[in-house]
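Here's the structure, in structure tokens; my notes come after.
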Amino acid sequence: VSASQMATSNLNEDIASLARVRNRLAKADDWALPKILGGLLPRLLSRLDQNAVALLSDDRTDDEIQQRSQIQTHLLGILSHAVERIRGCEFMAVPWVEAICPNLVDAQRHATRTMAAALLKVALPRVKDAGILSRTLASLFRVVDSVHALVFSGNATEAYRMDRRSISWLCWDIIAQLYNMSPMHDLDLVDFDASRYKSPEEVVVATPAAVEAISLDGAGVFDLFYDMLLYQCADVQLRFGADQPFNGLSTEGTARIYHRRTQGQQWNENSQAYLKQLKISSFQYAVSPLGSGLFRGSEESTNFKRCLMLIVLMARSNSKVGRLAADYFNEYMGPLRIEKQVDQFASVKVAACDLSMAISLLVLVLGDNLALQILPTHQDKKSLWEDLLGPRPTEESLQRPPLLSTMATRAVEFITGYFSVLDNRSSKGLGVFLDLVVAVQEHHGRSAYGAIHLIYSLFRELQKTPQCYVGMPIPIEDFRAKCFNAAKGVINSSLDPEMVRRAQNVLDGDAQDVDGGTGGAERVRQEMMEQRNIGWRREDINNVLTRHRRSLRSKSQGLEEAIEARKVAYEIIASLPQEVKITNGDNLVSFEMPIMLMLSSHSEGVFMQPYVSKALTTVRGVYIEYVQDHISFKGDVERYNTMPAGLLPALLETICCESAPARLSGLRWVSEFLQQLDPLAAMYLMKFLSRDKDPRVAKAASMAMRGLDIPMPVTRDKIQATFRFIDTNSEAQFEVIDREIAERVSLV
């Protein structure tokens, strides 16, 4: 007999044997089923997985495919019959729950996981032994990690996503039971009453088996708890829509939460209360202190870092989970904060956040889409974030959006307070950290205020001890440039975009080439024509929204964290004169930095003016040095005397603003910089300031004018003022006006 004939005969025997098993099981009484299923289910699940794998082998024949398909049908039929018999007999015992867990852990095919999950779903509500539940949960954690890794690898089908969702809910079912709640298989039919709920009298402790189950990976389990803790059933849906709530949950994460919800239904009051209590129970199970939480271990362990990350992100005062997280944070950090000394206790700053935790938190703050613009350039250091979070997905449905501002701010504040940048200055991952911090500062609203402090803390330490630059993984010039750009970003975010746009238009239009050429004026004129054509002066809803945004921006800039962030930004700029760029990429002189600082000085309070003035002084010194280097004789002065034209509008606004310190700073720019290039304009401005209402400004302007010997200009021809009617729809009319204005300017 050939091998193929032998195989065919064996498969036929299997088909006949399974048919007999199916018939006998159908005839068995309900009271006998627990014992029968205890020995039968593990073997059936094992056969199902082996047969499913064999069906996909490359060397199978058509006859074998047909026979194995029949075997698959019999196996699925027997298991489905068992599920229905268990579901139909409410009091049937389920002693086989632990016996089928290895089948689920070792399953290679979707069909095996689906049937094992279906059996556990109907069996778990009948299990009252906490030990069995805990051991089953440990096995499920292994499955969650393996399926999570497969889904995030990008090679998984929709079937694997469904496995991930169903097994995740089995984990939540067991956690609910451990905390005296019933598993809810249909969240639209929940009858949970929060007023009658009683928490367990004893602390629920995650077993060593569960802790060991996540020791090899744990990224999938961390993701499981993180999704549940992030989800908000009512509020976020109302504000952002149910398809993609902007709360750090990916589309797939939201689908996982919705897995037990009937299609098209909304959460009712009971189901919301159930989910809130499940969230609290999950949080307690994951991170409870005193050695009872799942994510426990030494301070250097991955589990402890994940525990601390969850606590930091959840801690707040307006929710039960948040208050619980704040209490846990104090319990975890208290022993680390206090150092016992002789006869006293002293509070010390503890570096409880290492580089990997800091980077992982920043990745969560930014969201995967923005983070993946940075992380691929640091693939040789991917263990810094993958050890805690797992690989970051490239598929859009798996990517987490940025965190809400409140959570992001807490994360950045934690890093600022507990991460020692100086201790990590020689780490190869410092470049990743700095790139992520700069990205947070650029893209994430209020949390940017904390990000600038992270940059400044390293900058300040390295400024004190320059030898610390030795061993840094990034060039000193790159580090300084990142600090400077971050400071610019903080100041720019505080300015009215309309003011910046107007100043930038003037700057671009009047920018001077180092050889005396001009550029950009035509573009500015075309932009103004477009504004006239679309009726930009109309008072419509857009203008109302603009005023509203300005009002909100004004309020936000008055916050203490915003003021402190700008203070730090001014100090960084004042300390880095070498990073001030005078010319742009087209070799044109740019006044972007002084204009930005002058506009800032208008709105800053008295307390902040010394910091703005210090930054303006640093920038002014750079421009004065540039002018002195490029002007060696009088002919050069004549060539460069039009260079400050781009600065004049902002300078005029500064010397006319309400703030006396800002006017004094403007005077210094006039007397020290403008006077070298355009003495006549400088004289007029100083003359104006000499009559200033503030005696300090007036006295300084009068002293600056002493010794000036500038003759008054003599007009070569009188120009009679006349009224002109301009047709705004005629391009030719504008050309005539432009030409006449140019002639009058040249005459002056």
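The values are calculated or read from the model by the stated rules, or taken from the named source; none is laboratory data. In this text, all values refer to a predicted model and were calculated from it rather than measured experimentally. Because the Cβ atoms are built from the backbone with ideal geometry, glycine has one as well, and the counts that use them run over all protein chains shown. Note: accessible area is taken over every heavy atom of the protein model, side chains too, but ligands, DNA and RNA are not part of it. Shrake-Rupley method; radii C 1.70, N 1.55, O 1.52, S 1.80 Å.
Derived scalar couplings between HN and Hα for region 365-371 equal 4, 6, x, 5, 4, 6, 5 Hz in order, rounded to whole Hz, by the Karplus curve 6.51 cos²θ - 1.76 cosθ + 1.60 (θ = phi - 60°), x for Gly and Pro. Here each label is just a point 7 Å from Cα along the line to Cβ, and for S397 and S317 those points are 4.2 nm apart.
Take N12, project a point 7 Å from its Cα along the Cβ direction, then tell me which residues of region 49-64 have their backbone nitrogen under 15 Å from it. Of the residues in region 49-64, 63-64 have backbone N under 15 Å from the label point off N12. The length gained on full extension between S298 and E658, counted as 0.36 nm times the residue separation minus their Cα-Cα distance, comes to 123.8 nm. When each of the peptides 7-18, 203-214, 282-293 is scored by the mean number of other C-beta atoms lying within 10 Å of its residues, the order from highest to lowest reads 282-293, 203-214, 7-18. On the basis of the beta-carbon distance and an R0 of 60 Å, H630 and K428 show a calculated FRET efficiency of 0.90. Taking each of K488/K693; K279/K305; K305/K381 in turn, the alpha-carbon distance tops 24 angstrom for K488/K693.
Put simply, the convex hull of the Cα atoms in region 1-109 casts, on average, a shadow of 7.4 nm². Applying 1/(1 + (r/R0)^6) with R0 = 22 Å to the Cβ-Cβ distance of V83 and T262 gives a FRET efficiency near 0.65. Between amide H atoms placed 1.01 Å from N, distances below 5 Å from T583 occur with S590, all of them 5 or more places distant or on a separate chain. On full extension, the segment bounded by L56 and W31 gains 5.2 nm, given 0.36 nm per residue less the C-alpha separation. Note on region 66-219: with neighbouring protein chains present and a 1.4 Å probe, carbon and sulfur make up 52 percent of its accessible heavy-atom surface.
When peptides 132-145, 307-320 are ranked by their average number of other Cβ atoms within 10 Å per residue, the highest-first order is 132-145, 307-320.
Taking 4 °C and 1.567 mPa s as the conditions, I'd like the Stokes-Einstein D for region 124-164 in µm²/s, using the Kirkwood hydrodynamic radius from alpha carbon pairs. In µm²/s, the coefficient is 113. Database remark: amide H of L294 closer than 5 angstrom to the amide H of A206, A286, V287, S288 (H placed geometrically; neighbours at sequence offset of 5 or more, or on other chains; Pro and chain starts carry no H). Computed from the C-beta positions of R668 and D478 and an R0 of 35 Å, the FRET efficiency is 0.65 to the nearest 0.05. Surface exposure of region 40-79, expressed per residue as accessible area with a 1.4 Å probe, stands at 51 Å². Max-minus-min Cα coordinates of region 85-207 on each principal axis give 46, 32, 30 Å, with the largest extent listed first. Per residue, region 90-226 exposes an accessible area of 42 Å² to a 1.4 Å probe, with every protein chain left in place.
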